[in-house]
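To keep things clear, I will list the structure first and then write my remarks on it.
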Amino acid sequence: MIRSLSVAAAAVVVTGCGADQAGPAGSDALGGTATVFAAASLTETFTELGRRFEAAHPGVRVVYSFGASSALAEQIIQGAPADVFASAAPKNMQQVVDKGEVTAVPATFVRNRLEIAVPKGNPGRITGLADFGKTEPKIALCAEQVPCGAAAETVFQVAGINPQPDTHEADVKAVLTKVKLGEVDAALVYRTEVRTGGGQVEGIAFPEAGKAVNDYPVAPLAHAPNAAAAAAFVEFVRSEQARAVFAKAGFDAP
């Protein structure tokens, strides 16, 4: 059973992938709750992996906080109780590492790249990245402090384009919502997000995206309330089973 709770202070979504009461652990020694802080772009894949992890470890309930990696890193540094951190960029993971909040060397488990997202039918007639430098189309970008925004800034610098965004959003999910609702003509999101848009969103690849590929690191946290489950979850995220889930979603292997 999936549960969601909005945390207004950090615009983070918390999702549990198990029942209220954990099932019998049997011969599995793991139990309790595993709290995972993960980048918003991992929402669909981590939710699926949470179900599979719980099936493999019936005594464990996985609870997620999804949001901008920069906001999640700050929460961890400020003492928010969490077992695992999965970031959409090494920079935000390094902030946590520098504060002594990680117990193992972070491991890159997937990579992701940007793609232009347009509403179905491409009503704004967007053809490529150059359109982001024009004043006519309505454009949405991630805020510069979050990984998708930093990646966008890099590709614009590479292409020599001065973007003219109409809005900056807190994370990639908020940007994608603008496209789905037809509130903007185009946006830069991860290509994995275009796939989650279903029939409401179309994607346009562009060559400069290869200059700003984001590595996603994961690590167990130093003050994890459930250290055993944290270590097991990180191992699971790097497993063959997880790689198949990520590949289907459009992530690149590290």
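The values are calculated or read from the model by the stated rules, or taken from the named source; none is laboratory data. Only a predicted model underlies this, so the values are computations on that prediction, with no experimental measurement involved. Methodologically, a virtual Cβ is constructed for each residue, glycine included, from the backbone with ideal geometry; neighbour enumeration extends over all protein chains shown.
At a glance:
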item: Only listed residue being within 30 Å of GLY199 (Cβ to Cβ), within 16 Å of the chain's Cα centre (by Cα) and in a strand (DSSP E or B), chosen from VAL118, VAL110; result: VAL110
item: Single residue of the range 55-65 satisfying the filter (under 21 Å from GLN241 (Cβ atoms) and touching a strand residue (DSSP E or B) at 6+ places or on another chain (Cβ under 6 Å)) that is surrounded by the fewest Cβ atoms within 10 Å (Cβ to Cβ); result: VAL63
item: Condition check for VAL184: at pLDDT 95 or above, farther than 15 Å from PHE66 by Cβ, crowded, with 20+ Cβ neighbours inside 10 Å and touching a helix residue (DSSP H, G or I) at 6+ places or on another chain (Cβ under 7 Å); result: yes
item: Criterion: acidic (Asp, Glu), assigned by TED's automatic domain parsing to the domain that holds ALA205 and farther than 21 Å from GLY203 by Cα - qualifying residue of GLU144, GLU169; result: GLU144
item: Test for PRO254: is it within 22 Å of GLN94 (Cβ to Cβ) and either in a strand (DSSP E or B) or of a type in the set (D, E, K, R) (or both); result: no
item: ALA205 vs. criteria assigned by TED's automatic domain parsing to the domain that holds PRO123, surrounded by fewer than 17 Cβ atoms within 10 Å (Cβ to Cβ) and aliphatic (A, V, I, L, M); result: yes
